[in-house]
Amino acid sequence: MRMSRSASVVTLVLFLGCMAPARGSSNPNLPDWMMQAAAATGSWGDAKAVVLLNDVLLTVGPDGRAVERTRMVVKILRPQGRQLRDVTPHVRFTKDEKLLSFHVWSIGPDGHHYAMKDSEYVEVGESDPDMVFLDGLYKVAAAPGADPGGIVAWESVQQFPSYETEDVWPFQSSIPLVQGTFEVDLPAGWHQRSVWFQHAAVPPTEVSPGHFRWEVQEVEGVDLEDVPLSPAWEALAARMSVHFSASEIPDGDALWANIGNWYYNLEAPQSEGGSDIATAAKTAAGDGDFMARLSKIADFMQQQIRYVGVEIGIGGRQAHPAEQIFQRRFGDCKDKATLMVAMLDAVGIRATWVMVDADRGVVDPGAPSEYGNHMIAAIEIPKGYENPRLQAVVMAKTGKRYLIFDPTNPYVPVGQLPEYEQGGYGLLMDGKDSQVIGFPVLDPDLAKTQRTAKFELAADGTLKGDVSVSRSGVAAMAWRGRLSMTSDKEQRQLMERGLQQDFSTFTLNTESAQNVKQLDQPLEMQYNVTAPLYAKGAGTLLLVRPRVVGSVAEALDDKPRHVPISFPTGVGTWQDNFDVKIPAGYTVDDLPDPVNVDVGFATYHSEVKAQGDTLHYTRQYTLKKVQIDAGEYAALHKLEGQITSDENSNAVLKKQ
């Protein structure tokens, strides 16, 4: 699905970093709005740059086509601010979102004025390694004088496609904003409705009949640089969406239903599959109950239809016809969801679409909007049907139960959800019954990592042993991807890089993996490793770390926490059971104390025992939430401190 938010500007910034600034025409007359904004003064702390003005005017014509004029004025405060995305003059456009004009001006630190020429702008194609073709282009500029103390301004004018009825104003960026203004000028009798995300709603001023104006001032930047375990930037940055229509615009759930109904009517005709799809679906599904048929179709979608996109014009929103996707054997997220809807329909299972964002927290039930970048599927579960594999289940207002499934992700079994979608929200597209829905956070035991190992320790400190790792559900997702996409040599290198966290010196003797593509089975991996000098000698003592391999500790900082804590692994359970046979002639002199921590959102238990000539290390870490509030950072610090201490603690062996 075409992103409603821009992530490709980072690439443009890197591209511009290789360009020398343009010369521009010297000492021109600069626009009044730029000069007024440039006169702003203030204290912006340690910000690298500041947005002095973010000004948008949306003019809607009688035919519903809208033209947007955007003005930006940015002041660079520090050298690091030169290459920030937010200070780079740019505008994205397509064949449907036409660029009517683009102008860039700047004031150098020495006060020199510049106006860039049309010939000095660069056009860069939108890029995505999974997309065959995107019709998006960026016009960008390397403005002269863009140094600390310098000011850069730009203005773009674009015409929206006729089907566009919402404009998103992302006024909060990574740097502070001094003044933000959004205006919409509507034809007589037209209506507007604004919704706000991560910011208190600001009522508009009607400056003239049908002309509305919103203002925000002194908005802090969302700077997540060096912030550990932070949520996605787009889940924190404030924005406003303005819906406009010749008809009355509903609010809340009714507005969600309107958006979902529009999308449903856009996608539904594309899912009308032909006989080829019906035959393939019935052959793939075979006989069996609901879960058996669903599993076979899901496996076909995950293994046989590659994620590759061709998006042109409205193709950023509307899927290609199911027959075309089936014949080509590739498609983007909405294409894969559409083909799945068609194939399930052919075997008697009803499904529909769900619009989401690949970053949890971007879709907000309190802010009805098209803002999102991903499409998945909702599969209606027959009334009264139960199966333990059906975990990612939601109940709609209609009383229907739906299994939420992401056919784009080829490494998460049907019945479960990737961690980045758990705990988030999406728009269930079901005609007039469309609604925003919340996704469940699954049981931590569904994403389990179990490590078992038997080691032998030699008197010279060398450790050798066999390790088995079993990963299920989402816990296996990343490793399934690595093992599926790499050669045997690369797989070995991946395992060696992982072991570098546990051993200073080692040799990976053997390694193997099973069930890489059998998603309903745990991913099983085994390896044999030798680590010289693993135990450290101290006179007649040997110090040995019972937690031999595998870390669950997270690196934190001591700074005050202002944003929620998001766990990249998602919920899960990690279990370790290691045996270390000690060398002949040694006895156990001291063992680490047991650790038992319960902070509500997570528990951690570990213990080391000595039985005969063997050390037994066991632990279990269970993470129960995908995200916690900033106020729980102290509890997380306590947990991580004890985990780190336990992972690095030593047993002491004494020579007899």
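The values are calculated or read from the model by the stated rules, or taken from the named source; none is laboratory data. Not measured: the values here are computed from a predicted model. A quick note on method: Cβ atoms are made from the backbone with ideal geometry, for glycine too, and the neighbour counts reach across all protein chains shown. Side chains are part of the model used for accessible areas, which takes the heavy atoms of the whole protein and leaves out ligands, DNA and RNA. Shrake-Rupley method; radii C 1.70, N 1.55, O 1.52, S 1.80 Å.
Here the range 593-612 and the range 88-106 have alpha carbon centers that stand 58 Å from each other.
The separation of the range 497-553 from the range 616-642, counted between C-alpha centres, amounts to 23 Å.
With the contact rule set at Cα under 8 Å and sequence spacing of 6 or more, what percent relative contact order holds for the range 48-121? Answer for the range 48-121 is 23 percent.
Note on the range 372-529: Kirkwood hydrodynamic radius from all Cα pairs is 18.1 Å, rounded to one decimal. An oblate overall shape is assigned to the chain, the ratio a/c of its alpha-carbon gyration tensor axes (a ≥ b ≥ c) being 1.5 or greater and a/b not exceeding b/c.
Summing Lys and Arg as +1 and Asp and Glu as -1 over all other residues whose Cβ lies under 10 Å from the Cβ of T573 gives a net charge of 0.
What pairs in K454/K655; K536/K625; K581/K655; K464/K536 have C-alpha atoms more than 26 Å from each other? Beyond 26 Å: K536/K625. Rounded to the nearest Hz, the phi-derived 3J(HN,Hα) couplings of the range 46-62 under the Karplus curve 6.51 cos²θ - 1.76 cosθ + 1.60 (θ = phi - 60°) are 9, 4, 7, 7, 9, 8, 7, 8, 10, 10, 10, 10, 10, 10, 9, x, x, where x marks glycine and proline.
Please tell me which of these pairs span more than 28 angstrom C-alpha to C-alpha: K95/K336; K98/K397; K397/K517; K282/K334? Flagged as over cut-off: K98/K397; K397/K517. Normalised per residue, the accessible area of the chain is 42 Å², obtained with a 1.4 Å probe and no contribution from ligands, DNA or RNA. Annotation for the range 355-436: GluC sites (Glu not before Pro) lying in DSSP loop with at most 16 further Cβ atoms inside 10 Å of their Cβ are E386.
Can you give the FRET efficiency for R350 and D460, using 1/(1 + (r/R0)^6), R0 = 51 Å, r = Cβ-Cβ distance, to the nearest 0.05? So, using R0 = 51 Å, E works out to roughly 0.15.
DSSP assigns beta bridges within the range 413-473; of those with both partners inside it, close to 95 percent run antiparallel. Entry note, the range 92-189: relative contact order of 35 percent, from Cα contacts under 8 Å with a spacing of 6+ residues. Packing around the peptides 616-625, 267-276, taken as the average count of other Cβ atoms within 10 Å per residue, puts them in this order, highest first: 616-625, 267-276. Projecting label points 7 angstrom from Cα along Cα→Cβ for K638 and S101 puts them 6.2 nm apart. Taking the DSSP bridge list for the chain and keeping only pairs wholly inside it, about 85 percent are antiparallel.
Label sites at N648 and H199, each approximated as a point 7 angstrom past Cα along Cα to Cβ, lie 4.3 nm apart. Sorted on the mean count of surrounding Cβ atoms within 10 Å across their residues, most packed first, peptides 248-260, 544-556 read 544-556, 248-260. The Cα atoms of the range 502-610 give a gyration tensor whose axes a ≥ b ≥ c have a/c of 1.5 or more with a/b no greater than b/c, which makes the shape oblate. Annotation: aspartates and glutamates with alpha-carbon distance below 18 angstrom to K432 (same-chain offsets under eight excluded): E248, D251, D253, E267, E370, E380.
Once the Cβ-Cβ distance of T510 and W262 is raised to the sixth power relative to R0 = 60 Å, the FRET efficiency obtained is 0.60. Candidate cross-link partners of K48 among the aspartates and glutamates, defined by an alpha-carbon separation under 17 Å and a same-chain spacing of 8 or more, comprise D86, D147, E218, E220, D223, E225, D226.
Our summary gives the chain a relative contact order of 10 percent, counting only alpha carbon pairs under 8 angstrom and 6 or more residues apart. Between helix 290-304 and the chain there is an angle of about 80 degrees, using the helix long axis and the longest principal axis of the Cα atoms. The simple Förster model, with R0 at 25 Å and r as the Cβ-Cβ distance, assigns T587 and S551 a FRET efficiency of 0.30.
Under the simplified labelling scheme, the T283-T618 pair shows an inter-label distance of 5.1 nm, with each label point 7 Å from Cα along Cα→Cβ. In units of the rule-of-thumb radius 2.2 N^0.38 Å, the range 104-211 shows an alpha carbon radius of gyration of 1.41.
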